[in-house]
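Inspection log for the structure reproduced underneath, given as structure tokens.
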Amino acid sequence: MESIYDNVRRVQERIAAACQRSGRRPEDVKLVAISKTFPAERVREAYHAGLREFGENRVQEAAAKRAALADLGITWHLVGHLQTNKAKTARELFQWVHSVDTIRLAQKLHQAASAGSARLRVLIEVNLAGEESKSGTRPQDVLPLAEEISRLGLLELRGLMAIPPIVENPEDARPYFRRLREMAEQLAGQKIAGITMADLSMGMTHDFEVAIEEGATIVRVGTGIFGGRD
Ligand SMILES: *Cc1c(COP(=O)(O)O)cnc(C)c1O
């Protein structure tokens, strides 16, 4: 069996190499380990290998894992589609939500804040290729959604997220990553008060190096750390 420790080291080396190629600093790229389908013990191993940020795509599964790992200082990211009726639970479980794609969901997440809770960090998920099967907002709806979120004081809009179409050659994902970066730059140029727009969540095991070359500040890596999923 592959060791999670070795996998983490290998992914970190690949991140460092991609940063070097593109004149970026490795500390400017956050590695979020996507632990969906893997048990809490595997997450614990990855934590002991030095990782602190983990991502899940389903609220229910995350709740159980979080409870089993409450003794660790983990920052949790929701990277999968979120239904509005789970916004309250999501807000309790996660510090980041990468998949905000409607005004209604943003409002629900805002309203779900409890007294004294920190601002929830959110990203707008963009459906870059207009794929029916995927969630995410249409590119033309990103600006109005960002403006809405900026008015919700208990959310902090950190940037954009995308899952490009599946391609065999990671190079073929490059135009999508570039497009997302350009969209984020345009949005930052609008000078909307209250939004940060510092983050681009893009790149998975197969293509995170290309994503880093195109400006990713958050890469979401599952298989490369935990091995294949059934
Ligand atoms: C599963 C998942 C990942 C990780 O994918 P790998 O190919 O295993 O690295 C990243 N982002 C999202 C949204 C996912 O659902």
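The values are calculated or read from the model by the stated rules, or taken from the named source; none is laboratory data. In this text, all values refer to a predicted model and were calculated from it rather than measured experimentally. A quick note on method: Cβ atoms are made from the backbone with ideal geometry, for glycine too, and the neighbour counts reach across all protein chains shown. Each accessible area value is taken on the protein alone, full model and side chains, heavy atoms only, with ligands, DNA and RNA left out. Shrake-Rupley method; radii C 1.70, N 1.55, O 1.52, S 1.80 Å.
Is it true that residue 144 is within 16 Å of the ligand (Cβ to nearest atom) and either in a helix (DSSP H, G or I) or open to solvent by less than 60 Å² (accessible area, probe 1.4 Å) (or both)? No. Please state which of the following conditions residue 179 fails to meet, knowing it meets all the rest: (1) within 16 Å of the ligand (Cβ to nearest atom); (2) open to solvent by 30 Å² or more (accessible area, probe 1.4 Å); (3) modelled with pLDDT of 95 or more. (1) is the only condition that residue 179 fails. Only strands (runs of 3 or more DSSP E) whose full extent lies in the range 8-106 are considered here, and the ones with at least 2 residues that are of a type in the set (Val, Ile, Thr), within 29 Å of residue 137 (Cα to Cα) and open to solvent by less than 20 Å² (accessible area, probe 1.4 Å) are 30-34, 96-100. Taking the condition of a type in the set (A, V, I, L, M), within 16 Å of the ligand (Cβ to nearest atom) and open to solvent by less than 60 Å² (accessible area, probe 1.4 Å), does residue 187 pass? Answer is no for this residue.
Taken as a whole, the range 163-173 holds no residue that is away from the ligand (no atom under 16 Å from the Cβ), at pLDDT 95 or above and open to solvent by less than 30 Å² (accessible area, probe 1.4 Å). Of all residues in the range 39-63, those that are within 12 Å of residue 93 (Cβ to Cβ) have Cβ atoms under 7 Å from Cβ atoms of residues that are among the β-branched types (Val, Ile, Thr) and open to solvent by 40 Å² or more (accessible area, probe 1.4 Å), 6 or more apart or on another chain, in 59/89; 63/89. Applying the criterion of being at pLDDT 95 or above and open to solvent by 20 Å² or more (accessible area, probe 1.4 Å) to the residues of the range 193-206, the residue that is nearest to residue 151 (Cα to Cα) is 204. Just so you know, in the range 207-230 the residues that are within 12 Å of the ligand (Cβ to nearest atom) and open to solvent by 50 Å² or more (accessible area, probe 1.4 Å) include one that is nearest to the chain's Cα centre (by Cα), and it is 223. Residues of the range 121-139 include at least one that is touching a Phe, Trp or Tyr at 6+ places or on another chain (Cβ under 6 Å) and not small (Gly, Ala, Ser). Evaluate the following for residue 12: is it out of contact with any helix residue (DSSP H, G or I) (no Cβ under 7 Å at 6 or more places or on another chain) and closer than 26 Å to residue 62 by Cβ? When the stated conditions are applied, residue 12 passes them. Here residue 114 passes the criteria (1) surrounded by 18 or more Cβ atoms within 10 Å (Cβ to Cβ); (2) part of a loop (DSSP other than H, G, I, E, B); (3) more than 16 Å from the ligand (Cβ to nearest atom) except the one numbered (1). Please verify whether residue 161 is farther than 24 Å from residue 92 by Cα and under 17 Å from the mean Cα position of the chain (by Cα), treating the condition exactly as stated. Spelling it out, it is not the case that residue 161 is farther than 24 Å from residue 92 by Cα and under 17 Å from the mean Cα position of the chain (by Cα).
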